[in-house]
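Contents: one structure, followed by commentary.
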Amino acid sequence: MLKRSLLTLAISITATLPAFAHLDPTEHGSIAAGLSHPLFGLDHALAMVAVGLWAAMQGGRALWLVPAAFVGTMALGFIAAIAGIPLPFVEPVILASVIFIGIAVALALPVPASTVAAMVGFFAFFHGHAHGGELGGAAAWEFAIGFVMATAGLHAASIGAGLALARFSGKVLTRLAGAATSLGGLYLTIGG
């Protein structure tokens, strides 16, 4: 009975996640909306986790450089959107980021930390632009604080998970998580 209740609760929560992905900042409070978007937008959450896993896999200075590059460039994309600077292909590039970074983790691409930072930074600009483009009439900086905090939190959690997975299985489980992330991005692209 308890297992069935927990399963029903889990299914109910999972089924409603897309509804929470894009809270209206003017209706729900701009910091809460900023926090919710990266956490409950599956495309954003998968990308943030993949970035953290890739940073963990790289180790060393990539542990701080890669997430800092993502968050910083994401903020620049946000500012560009708020300023009204158009950017083509925002959603397709966001989906491509999930697939590409997932594949990079799955293949354990041996590239320098600065190259990883540049690659995730490219994608981050589009993620930030999407956040700014969906802002509506809310207070921009409160919204930005929320999504920056959520993004940094997802990076930190996935770096921790990646480091823990590496201790347990070397790169095997991290690479499998990267492959799963990429498949999630492919699902969102084709049928999600």
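What follows draws every value from the coordinates through simple rules; no lab data is involved. Since the model is a prediction, treat every value here as computed from it, not as a measurement. Don't worry about glycine lacking a Cβ; one is built from the backbone with ideal geometry, like all the others, and counts go over all protein chains shown.
Assorted remarks:
- Each residue of region 88-93 was assigned a 3J(HN,Hα) from its phi angle through the Karplus expression (A = 6.51, B = -1.76, C = 1.60, θ = phi - 60°), giving x, 6, 4, 5, x, 5 Hz with x at Gly and Pro.
- Highest average packing first - 62-70, 119-127, Cβ atoms within 10 Å: 119-127, 62-70
- Across region 47-55, computed HN-Hα scalar couplings (Karplus, 6.51 cos²θ - 1.76 cosθ + 1.60, θ = phi - 60°) run 5, 5, 5, 4, 4, x, 5, 5, 4 Hz from first to last residue, x flagging Gly and Pro.
- By average C-beta atoms within 10 angstrom, highest first, the peptides 81-92, 172-183, 36-47: 36-47, 172-183, 81-92
- Cα-Cα P(r), region 60-99, percent of pairs per 10 Å interval: 26, 45, 26, 4
- Peptides 159-170, 141-152 ranked from most to least packed give 141-152, 159-170, packing being the mean of other C-beta atoms within 10 angstrom over each peptide's residues.
- A Stokes-Einstein calculation at 10 °C with viscosity 1.306 mPa s, built on the Kirkwood radius of region 60-179 over Cα pairs, returns a diffusion coefficient of 106 µm²/s.
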